[in-house]
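Scroll down for the structure; my scribbles are underneath it.
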Amino acid sequence: MDQNQIDEVLERNNIVDVIGSYFPLKKAGSNYKARCPFHDEKTASFVVSEKKQIFKCFGCGKAGNVITFVRDYEKISFLEALKKLASRAGLTIQQTKVNKQKQTKRDLIYKIYSIAVNYYQENLQQHGTFAKKYLEDRKISDATIKKFQIGYALDSFGGLKNYLLKNSINEQILQNTGLFTANNNDLFKERLMFPIHDHNGKVIAFGGRVLREDQTGGKYVNSPTTDIYTKGNELYGLFVTRYEISKKDFVIVCEGYTDFLRLYENDFTNSVASLGTSLTDSQVSLLGRYTNNFYMIYDGDKAGRKAAVRAASNIIKKGYSAKIATLPETDDPDSFLLKNSRELLQKIISDAKPLSLFLLEDEILGLDKKAKLNELIETLNEIEDEISRELMVKEISEIFKVSEHAIISKIRKRRPRRDGITNNATLVKVSEEKDILTMILNDKLKYKKVAQEIDSSYFFTEIYKIIYSLLLECFEGMGQASGLLEKVDDKIIQNTIAELIIEDPPEISIEDAINNLKLRKLQRELVQINELIENDSKNMELFSRKKELKKQILKINKKVVRKTLY
Ligand code: ZN
């Protein structure tokens, strides 16, 4: 899409007029207000800024520009919203350009998956008597079936293939989709089909569950890795629940499709399923965009507990908080909620324990106290963030009644040597990073100054790092800041950008803001150098690096107005 065309559409459609044509807006100071159209509310928390051409809801957190508003309000595609606004302003979007855009292989595979989803859904309605009965027995409502696009694969070798060919899909691409066997037969036969969506809601894979216990093949058949899907990168349900996760500021992580759907049916709408035995690093990072607080609710048996411990350990290593909820040994969240009330599970979740306490009390994993401590020290060794590590040492010491000194001495012995300064660990949102982004998004002149001095390595919060890299790439040649939203298709990133634009910048000078950022990076490096020196106390190079760092810190410290530091 041509950036000039988008800029022109933004330029010619005043957000206040456009939103005001859907429902009335009330003037409030320099902004406009209304009840939010994206969530139920009695008071008006939906704010539109004419000056910044951005809307934001302070209730549900949704934010965006005029194009994303029309897209989300009318539930149409970005391109459709763009065309609609173009014609409203008397502009024509050059169709040919759009059509001529070469459809990449990935786009084609996405398209095939969206056709396949329809096919499986139709099958469920028309031929899925047995599958429907199964869903009914599990008390999965029609609304949930629809929302998560659950379907049914017929007991047929070529049902999906023929359906795709009828929809003018070229046979050659089929082998790249992961939906067919090497002989070009349908991979999924006689199974209940759970589509796996990416976090933006595009279907990218399937999990197929057997319907009868005597059926051949595994209980689940899952899509293989394809051009659009990598196992262990996605979370089931996230595309629906991410706003709630962000709003409630915690996520409930379960293992399987049916656990997730049962939780969702019971109003635990900030859940996801990891769809594997544990939670991978990339899944942790993905969830870290929405919250720092993870609640694991895995199966109550030994395998489930083992997986929960591994997952919690992965979460802690990345600097987030993890708690483990304990179910009875014979239950998973699904079976538990079929027998018990929602309130009882709510209580189990509220009683979830930090990893060390969970391990101390556990009697099912068959570990003695020493093995439990070793498990925890493994985790400690991997925590990059100094403060998180210190907090955990304290916690273990209190819970296991071992001195902090004893724990620390174990870490030192076991900590692997690191040979460089790499630390991407702290993902906790940091105000210095937010400050500088708010300032440059609200004043382009400031952007130039920052861009000259700061690269993206100064950002440690993943989402801010992404946004800053984006700014470096394209802010220079852009019109309004709100146009940035069109550069990304991740809605959470869009939301965050809109939030940064609508917020008023802090009252500090840009020089101070830059210095704050520099100072923080240097201080992090100093912590790391100190760690390296602990392991390698004879390395003179490290000492001279330390000295140099201290000098730089002192130099900036003199410049920085201390009161601006948090
Ligand atoms: Zn809202």
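The values are calculated or read from the model by the stated rules, or taken from the named source; none is laboratory data. What you see is a predicted model; the values in this text were computed from it and never measured. So basically every Cβ, Gly included, is an ideal-geometry build from the backbone, and we count neighbours across all protein chains shown. These accessible areas exclude ligands, DNA and RNA; they are computed on the full protein's heavy atoms, side chains included. Shrake-Rupley method; radii C 1.70, N 1.55, O 1.52, S 1.80 Å.
Some values worked out for this structure:
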{"item": "Cross-chain or 6+ apart pairs with Cβ under 9 Å, the range 56-80 first and in the same structural domain as ILE15 (by TED's automatic domain parsing), then away from the ligand (no atom under 16 Å from the Cβ) and hydroxyl-bearing (Ser, Thr, Tyr)", "result": "GLY64/SER482; ASN65/SER482; VAL66/SER482; ILE67/SER482; ARG71/SER77"}
{"item": "Tabulated pairs, the range 403-417, first more than 16 Å from GLU384 (Cβ to Cβ), second at pLDDT 85 or above and among the small types (Gly, Ala, Ser), C-beta under 9 angstrom, 6+ apart or interchain", "result": "SER403/SER397; GLU404/SER397; HIS405/SER397; ALA406/SER397; ILE407/SER397"}
{"item": "Within the range 340-356, tally of residues that are farther than 20 Å from LYS139 by Cα and surrounded by 14 or more Cβ atoms within 10 Å (Cβ to Cβ)", "result": "7"}
{"item": "Residue satisfying all of: in the range 69-88; away from the ligand (no atom under 16 Å from the Cβ) and of a type in the set (Asp, Glu); farthest from THR496 (Cα to Cα) among these", "result": "GLU80"}
{"item": "Extreme residue, surrounded by the most Cβ atoms within 10 Å (Cβ to Cβ), among residues of the range 32-53 that are under 20 Å from GLU11 (Cα atoms) and within 14 Å of the ligand (Cβ to nearest atom)", "result": "VAL48"}
{"item": "Number of the exception - ILE112 against (1) in contact (Cβ under 8 Å) with a residue 40 or more places away in the chain; (2) away from the ligand (no atom under 16 Å from the Cβ); (3) not assigned by TED's automatic domain parsing to the domain that holds SER168", "result": "(3)"}
{"item": "From LEU359, LEU337, residue being over 28 Å from ASN222 (Cβ atoms), in contact with a Lys or Arg (Cβ under 6 Å, 6 or more places away or on another chain) and buried (at least 19 other Cβ atoms within 10 Å of the Cβ)", "result": "LEU359"}
{"item": "Residues satisfying the stated conditions in the range 306-334, i.e. open to solvent by 70 Å² or more (accessible area, probe 1.4 Å) and within 25 Å of the chain's Cα centre (by Cα)", "result": "LYS306, ARG310"}
{"item": "Cβ-Cβ under 6 Å pairs, at least 6 apart or on other chains, the range 35-47 side free of Cβ contacts under 8 Å to residues at least 24 places away in the same chain, far side open to solvent by 40 Å² or more (accessible area, probe 1.4 Å) and near the ligand (Cβ under 9 Å from one of its atoms)", "result": "GLU41/ARG35; ALA44/ARG35; SER45/PHE58"}
{"item": "Residue tally, condition within 17 Å of LYS323 (Cβ to Cβ) and surrounded by fewer than 16 Cβ atoms within 10 Å (Cβ to Cβ), over the range 367-394", "result": "2"}
{"item": "Condition check for LEU25: over 27 Å from the mean Cα position of the chain (by Cα) and more than 16 Å from the ligand (Cβ to nearest atom)", "result": "no"}
{"item": "Residue list for the range 54-68, restricted to those being open to solvent by less than 10 Å² (accessible area, probe 1.4 Å) and within 9 Å of the ligand (Cβ to nearest atom)", "result": "CYS57"}
{"item": "Residue within the range 310-321 that is out of contact with any helix residue (DSSP H, G or I) (no Cβ under 6 Å at 6 or more places or on another chain), under 19 Å from TYR236 (Cα atoms), modelled with pLDDT under 95 and outside any helix (DSSP H, G or I) present", "result": "no"}
{"item": "Residue in the range 537-552 that is closer than 29 Å to GLY288 by Cβ, open to solvent by 20 Å² or more (accessible area, probe 1.4 Å) and not assigned by TED's automatic domain parsing to the domain that holds LYS51 present", "result": "no"}
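Rundown of residues vs (1) open to solvent by 40 Å² or more (accessible area, probe 1.4 Å); (2) within 24 Å of GLN172 (Cα to Cα), yes/no style:
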residue	(1), (2)
ASN183	yes, yes
LEU192	no, no
ASN200	yes, no
ARG209	no, no
ASP214	yes, no
THR230	yes, yes
TYR236	no, no
